[in-house]
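Pasting in a structure now, in structure tokens, and then I'll have a few things to ask.
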Amino acid sequence: MLILTRKAGESLYIGDGIKLTVLGTQGKQVKLGITLPSSMTVYREEIYELVMADNTLARQSKKDKLSAKDMPKVHSIETRLGMKEIKEDNIIFFPKGLIGYEDEQHFTLLHLDEDSPFFLLQSTKTPDLGLIVTDPYVFLDDYSVKINDSEQKAIEVESSNDVCVFVTVTIPYGKPDQATLNLSGPLFVNHEKRCAMQIPQDVKTTKVLISDCDK
């Protein structure tokens, strides 16, 4: 780790395009100003780590059996996931991977049941990497998300109509009534271009119990 000492008003450069300036200090807090290329984004460490933890909890092992009794009782789930044939045009490209799984770039969405709001976001490379996801607006009216210009460019968004939003779902083993929507790391999927990105959000409420949603 490189350790440098800077005073308020002083800056340092990281590579050619990132300038970090110490704007001031107050107690144990340091206020930083960051100038960086429009193609780059900055996330607070605690939000990034929260999203990474949520992704791990939402991950479903190949050995897990997904059935109605394991899912929140929002809709009846009558089938289990088995072997699936995936067409090329159903593969979604994540140029930056998922948080915590940056080397995984190709996924597909498998519907758990035609009457269910839940999907499996399944890696096409790693059989045991699949995350339960859902459309948050099935359950929530007031969930707001943000995507900046560089992120829109990365997944080729031209209109808000191009994008679908999903969030990961955590279902504690044997406790489907404790299933939560994880709101800190929504997935923005450009369904026209078949590319997507997970974008951390600085939201006040990071998790919501599905059983508490009254839509």
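Which of the following residues is crowded, with 19+ Cβ neighbours inside 10 Å and either more than 19 Å from residue 52 (Cα to Cα) or polar (S, T, N, Q) (or both): 90, 182? Before the answer, list the steps.
Values: 90 fails: crowded, with 19+ Cβ neighbours inside 10 Å.
Matching residue, one of 90, 182: 182.
Additional query: Suppose we filter 35, 79, 41 for residues that are touching a Lys or Arg at 6+ places or on another chain (Cβ under 6 Å) and at pLDDT below 75; which single one remains?
Values: 79 fails: touching a Lys or Arg at 6+ places or on another chain (Cβ under 6 Å); 41 fails: touching a Lys or Arg at 6+ places or on another chain (Cβ under 6 Å).
35 is the lone residue from the list that is touching a Lys or Arg at 6+ places or on another chain (Cβ under 6 Å) and at pLDDT below 75.
Take residue 132 and tell me if it is of a type in the set (A, V, I, L, M, F, W, C), at pLDDT 90 or above and under 25 Å from residue 41 (Cβ atoms). Walk me through how you get there before you give the answer.
Values: of a type in the set (A, V, I, L, M, F, W, C): yes; at pLDDT 90 or above: yes; under 25 Å from residue 41 (Cβ atoms): no.
The answer is no for residue 132.
Do the conditions hold for residue 167, that is, is it under 16 Å from residue 99 (Cβ atoms), of a type outside the set (Ser, Thr, Tyr), without any contact (Cβ under 8 Å) to a residue 40 or more places away in the chain and in contact with a Leu (Cβ under 8 Å, 6 or more places away or on another chain)?
Spelling it out, residue 167 is indeed under 16 Å from residue 99 (Cβ atoms), of a type outside the set (Ser, Thr, Tyr), without any contact (Cβ under 8 Å) to a residue 40 or more places away in the chain and in contact with a Leu (Cβ under 8 Å, 6 or more places away or on another chain).
Within the range 97-124, how many residues turn out to be touching a strand residue (DSSP E or B) at 6+ places or on another chain (Cβ under 6 Å) and among the charged types (D, E, K, R)?
Residues in the range 97-124 being touching a strand residue (DSSP E or B) at 6+ places or on another chain (Cβ under 6 Å) and among the charged types (D, E, K, R): 1 in total.
Yes or no, residue by residue, for (1) within 30 Å of residue 207 (Cβ to Cβ); (2) free of Cβ contacts under 8 Å to residues at least 24 places away in the same chain; (3) loosely packed, with under 11 Cβ neighbours inside 10 Å:
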| site | (1), (2), (3) |
| --- | --- |
| 8 | no, yes, no |
| 22 | no, yes, no |
| 31 | yes, yes, no |
| 35 | no, yes, no |
| 45 | yes, yes, yes |
| 48 | yes, no, no |
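Of all residues in the range 157-197, which are touching a strand residue (DSSP E or B) at 6+ places or on another chain (Cβ under 7 Å) and assigned to a loop (DSSP other than H, G, I, E, B)?
Listed by number, the residues that qualify are 157, 171, 179, 191, 194.
Going by what's in this entry, would residue 200 be described as outside any strand (DSSP E or B) and more than 17 Å from residue 98 (Cα to Cα)? Walk me through it before giving the result.
Numbers: outside any strand (DSSP E or B): yes; more than 17 Å from residue 98 (Cα to Cα): no.
For residue 200, the condition - outside any strand (DSSP E or B) and more than 17 Å from residue 98 (Cα to Cα) - is not met.
The values are calculated or read from the model by the stated rules, or taken from the named source; none is laboratory data. Because the structure is a prediction, the values reported are computed rather than measured. All Cβ positions, glycine included, derive from the backbone under ideal geometry; neighbour counts span all protein chains shown.
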